[in-house]
Amino acid sequence: MSRGLSVDSSIRLYLEHLPRIRSLLDRLQMPFYYHNPLFYISHFATDPSWYVELYHGCLRVNTPEWTSILPLSEDRAVLVRAVGLSVRDGRPVLRLPEWMEHLFPGLSMASLWPDYIGDTAALQRMEGRKLKGLRQPIGRLERSGRARVLRLGEKQEEEATALVRLWYRQRAPILGEMFQEPEITWLFSNLGWLSRELPGSFGVGVEVDGALVAVNLSCLLTDCVWVCHTERYDNRAPTYSNQLAFRDACRVVDATTFPWVNDGAAERPRVAGVQNLASFKARIAVATLSPLGLWREEPE
C-alpha cells in the first residue's frame, strides 16, 4: 500500500476471511453480483461509514443504506439466521441468493442492476461475426506498432492514478455525477498493495507511443467467476485502446474455468442508445443474469 496509508481494520478482517467466502459462494448458489472484493475494499478504504464485522457466524457488510451478509459456513441455516437478525435492524439486506428470497417475503430489496455474463474464451480471441467490429480495429491498433500491453503494478501507480483523474475530468461535463471517483482513484493509487494483498486481482494497461492511455482492474469473484471491475482511459487516445486492454485482461484468466461477468453492483445501468461501458459489456455478453438469479434473454 502507498506510504502513509494504513490498512483499515475492516479491510484486514475482510481479507482474513476472503478465501473462505470465495469458496462458499458457489456452493451456496450465491448470484455473481453478490460479492466483489475490489468494490468492497475500495469503499472500506475511502468511506468510514462502510465497514465489516463478524455477525452471528457470518461477515456483515454495513453501509449507510444497506447491509450484506457474507457466508463463513456451508450451513445454510447459519446464513438464514444472520440475514433474519440483520433484517430486524431495519435496513435492506441486499444480494440474497434466490433460494432464500421466499423466507423473507417482507424484506425490503432495493433494485439491483443486471449482470452481463460473457464467454472468456470468445473474448480472448474476439472471434465470430458478433465481435468482428471489435476484433478488426484492435488488430489494426496492434499492427501499428504504437501500442504495448502491460501488467500493472506499483511502478505504474502514479501514471495510472493520473489517468484515472483525467478520465473523470474529461467526463465531468457529461456525467454530472462523478461515479465512484474516490474509490476508483484509491484502487489505482494502490496497485502494488493490491497485487500483494488481494489474491486473484490484476491490472492491465495499454501504452501508446510510450504513454499509458488505458487501464483496467480485475479480480476473481468466486472459485469459478471473474470480473473486470473498472476501466479508465484517455478519450484522446487511439480508438479501441481501452478494448485492447479489456481483451488482454480476458487473457490473464483460464478461459476453460472462468466465465466473465460484469458486476452490476459496480456499474451504471445500461441506457438504451448510449454507448457507455454498460452498453459495451451488454453487447459482448452471451447472457444476462438479472437480480435474484433469474435469467433473461440476451440483450440486443
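A quick yes/no check of all residues on (1) in contact (Cβ under 8 Å) with a residue 60 or more places away in the chain; (2) surrounded by fewer than 24 Cβ atoms within 10 Å (Cβ to Cβ); (3) under 18 Å from Asp119 (Cα atoms):
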residue	(1), (2), (3)
Glu181	no, yes, no
Asn190	yes, yes, no
Trp193	yes, yes, no
Arg196	no, yes, no
Gly205	no, no, no
Val215	yes, no, no
Leu220	yes, yes, yes
Cys224	yes, yes, yes
Could you say whether any residue in the stretch 276-283 is at pLDDT below 80 and not in a helix (DSSP H, G or I)? yes
Restricting attention to the stretch 36-54, does a residue exist that is assigned to a strand (DSSP E or B) and surrounded by 15 or more Cβ atoms within 10 Å (Cβ to Cβ)? yes
Count of residues meeting criterion [within 13 Å of the chain's Cα centre (by Cα), farther than 18 Å from Arg283 by Cα and aliphatic (A, V, I, L, M)] in the stretch 219-255: 3
If I filter the stretch 122-136 for residues that are on the phi < 0 side of the Ramachandran plot, basic (Lys, Arg) and in contact (Cβ under 8 Å) with a residue 60 or more places away in the chain, do I get at least one hit? yes
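Looking for something at positive phi and in contact with a helix residue (DSSP H, G or I) (Cβ under 6 Å, 6 or more places away or on another chain) - is there at least one such residue anywhere in the stretch 233-244?
Quick first cut of the stretch 233-244, residues at positive phi only: 240.
Filter again for in contact with a helix residue (DSSP H, G or I) (Cβ under 6 Å, 6 or more places away or on another chain), leaving 240.
So far as the stretch 233-244 goes, yes, one or more of its residues are at positive phi and in contact with a helix residue (DSSP H, G or I) (Cβ under 6 Å, 6 or more places away or on another chain).
Rundown of residues vs (1) among the hydroxyl-bearing types (Ser, Thr, Tyr); (2) modelled with pLDDT under 95; (3) within 26 Å of Glu231 (Cα to Cα), yes/no style:
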site	(1), (2), (3)
Ser6	yes, yes, yes
His17	no, no, no
Leu24	no, yes, no
Asn36	no, yes, yes
Leu59	no, no, no
Ala77	no, no, no
Arg88	no, yes, no
Where in the stretch 58-170 are the strands (runs of 3 or more DSSP E), entirely inside, with at least 1 residues that are crowded, with 18+ Cβ neighbours inside 10 Å and more than 24 Å from the chain's Cα centre (by Cα)? 147-152
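Please go through the stretch 227-259 and pick out each residue that is of a type outside the set (Ser, Thr, Tyr) and assigned to a helix (DSSP H, G or I).
Within the stretch 227-259, the subset of a type outside the set (Ser, Thr, Tyr) is 227-229, 231-232, 234-238, 242-255, 258-259.
Scanning the stretch 227-259 gives Asn242, Gln243, Leu244, Ala245, Phe246, Arg247, Asp248, Ala249, Cys250.
The values are calculated or read from the model by the stated rules, or taken from the named source; none is laboratory data. This one's a predicted model, so the numbers in the text were calculated from it and none came from an experiment. All Cβ positions, even for glycine, are placed from backbone atoms using ideal geometry, and neighbour counts span all protein chains on display.
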